[in-house]
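The values are calculated or read from the model by the stated rules, or taken from the named source; none is laboratory data. Remember, predicted model here, so these are calculated numbers, not experimental data. Cβ sites come from the backbone with ideal geometry, for glycine too, and all protein chains shown count toward neighbours. Just the protein is used for accessible areas: all its heavy atoms, side chains included, with ligands, DNA and RNA removed. Shrake-Rupley method; radii C 1.70, N 1.55, O 1.52, S 1.80 Å.
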Amino acid sequence: MANRIHPLAAVDPAAEIGEDCEIGPFCVIGPDVTLGPGCRLHSHVVVDGHTRIGAGCTIFPFASVGVQSQDLKFRPGNLTYTEIGEQTLIREHVTIHSGTEDGSSTRVGNHCALLALSHVGHNCEVGDRVILSHGATLGGHVRVEDHCNLGGLSAVHQFTRIGRNAMVAGMARVVQDVAPFTIAEG
């Protein structure tokens, strides 16, 4: 099927847009972006940097994907990457930053749900079927393994690992690794 790109969207001609994509008004798509087939970007979405988004992803208004890291160690000229898997849902005001060091990346897996106002910091690795509830925040270099659920307003400190099938309670502060198959709160 043909792509549906709103005339008020700014899509760089160098961007690679897969088949059957829908890009709403006021979206901004940078030159080094690849959108897989069947992606839907509602209005006011920004996708920039060297970013690859897999097939069938849906991104809601005011999300920002692949922009420069907020890490103060970032140096202009560093080539960094962002990768989003297939069938991932990115809701309103979500931010996903690219890596910091030259050649590094931030990755989000397949079938994830990043709910409103959640944040994936630079160099994070998020597995498959992960849920970040409203306002959940991952500091830089966090690793979240498959099938995890992070409750609303939870905050995960840099360089922390959340083990497979773990659940982090809403409003929890995570400052050390969470073992697989456990519930963390506090």
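Observations on the structure shown:
- The rule of thumb for compact globular proteins, 2.2 N^0.38 Å, goes into the C-alpha radius of gyration of the range 23-91 1.10 times.
- Under a model in which nothing but the beta-carbon of Lys, Arg (+1) and Asp, Glu (-1) is charged, the range 56-186 shows a dipole of about 180 debye around its Cα centre.
- For the range 151-172 versus the range 1-76, the gap between their alpha-carbon centres in whole angstrom: 27 Å
- Amide proton proximity set for residue 41, modelled H, under 5 Å, gap of 5+: 22, 23, 24, 59
- Label point at residue 173 placed 7 Å out along Cα→Cβ; residues across the range 130-150 whose backbone nitrogen lies under 16 Å: 137-139
- Karplus-derived HN-Hα couplings along the range 18-27 (A = 6.51, B = -1.76, C = 1.60, θ = phi - 60°), whole Hz, x at Gly and Pro: x, 5, 6, 8, 10, 10, x, x, 6, 6
- Per residue accessible area of the range 43-133, 1.4 Å probe, in Å²: 41 Å²
- Toward the positive end of the charge dipole of the range 1-81, with +1 on the Cβ of Lys and Arg and -1 on the Cβ of Asp and Glu, the farthest Cα among 68, 30, 2 is that of 68.
- Applying both filters, DSSP loop and at most 10 other Cβ atoms within 10 Å, to the trypsin sites (Lys or Arg not before Pro) of the range 1-108 gives 73.
- Cα-centred dipole magnitude for the range 1-64, charges only on beta-carbon of K, R (+1) and D, E (-1), debye, nearest 20: 160 debye
- Full extension of the chain between residue 20 and residue 165 yields a length gain of 48.9 nm, computed as 0.36 nm times the residue separation minus the alpha carbon distance.
- Percent accessible area from carbon and sulfur atoms, the chain, protein chains only, probe 1.4 Å: 54 percent
- Here the Kirkwood formula, the inverse mean of 1/r across different C-alpha pairs, assigns the chain a hydrodynamic radius of 16.1 Å.
- Scalar couplings 3J(HN,Hα) for the range 130-136, obtained by applying the Karplus form with A = 6.51, B = -1.76, C = 1.60 to θ = phi - 60°, are 9, 10, 10, 6, 3, x, 5 Hz; x denotes Gly and Pro.
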